[in-house]
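Presented below is the structure to which this report refers.
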Amino acid sequence: MSFSVKIIRDTFNKTRPISSQVTQKFYDTLFKNHPDAEGLFHAVESTKQQELLYNSLDFIVTNLENPDRLSEYLQNLGGRHLDYGTEETHFDWVGGALLETFAHFFGDEWTEEVADNWGQAFGIIKDHMLIGMRTKGASNANVVAMNKNSEAQPQEAEKTSSAASEAVSNASFEIPQNVKDEIASAVKLSLIHI
């Protein structure tokens with residue numbers, strides 16, 4: 001799976017003059033398709049949230065040729081989303097709403113090729129954010145276990161600590177080589193087509 005950086009960048013650049021319309025449509029679509037998602041944003045000012053979304057997309061598109069920086073950003077973003085109550089299934093909701101929003105604004109320019117490229121790019125974005133969420137989740141579980149240890153009886157504390165340590169050490173959250181290869185391949189292909 002690879003995507004064209006040029007296609008992603010060219011299509012995204014078309015959204016710049018209408019960024020506020022795009023983000024408004026995105027949230028309208030997300031909430032229409034998944035009403036439960038609205039509860040995740042109850043404490044957030046909508047205009048600010050729309051701006052944050054667009055700035056994140058802009059950063060991602062701008063850094064497609066810098067996979068290490070992009071991966072770090074996406075993993076941190078994923079970790080923060082754990083604090084917001086985001087669940088793994090919500091990423092599919094967001095991906096669907098984003099693609100539906102782009103299709104709405106691009107009309108006939110939203111070809112199968114463009115849709116496939118954005119779908120593949122979003123898949124990689126999602127993978128990196130999930131790595132960040134899972135890493136933070138494992139870290140949080142370890143902290144909770146350590147806090148319980150300080151309150152537990154000595155035998156219980158040892159069992160809890162051992163189980164938490166095993167869970168964290170068995171969890172592998174490194175960026176899979178195939179994801180790194182996909183990003184590098186997409187960058188190389190896009191440079192050839194420029």
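Aromatic (Phe, Trp, Tyr), modelled with pLDDT of 55 or more and open to solvent by less than 60 Å² (accessible area, probe 1.4 Å), is that true of Phe91?
On the way: aromatic (Phe, Trp, Tyr): yes; modelled with pLDDT of 55 or more: yes; open to solvent by less than 60 Å² (accessible area, probe 1.4 Å): yes.
So Phe91 fits the description; yes.
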(1) open to solvent by less than 20 Å² (accessible area, probe 1.4 Å); (2) modelled with pLDDT of 95 or more; (3) under 12 Å from the mean Cα position of the chain (by Cα) all hold for Ala97 apart from (3)
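The values are calculated or read from the model by the stated rules, or taken from the named source; none is laboratory data. Treat the numbers as computed from the prediction; the structure is a model and nothing was measured. Calculation scope for accessible area: heavy atoms of the full protein, side chains included, ligands and nucleic acids excluded. Shrake-Rupley method; radii C 1.70, N 1.55, O 1.52, S 1.80 Å.
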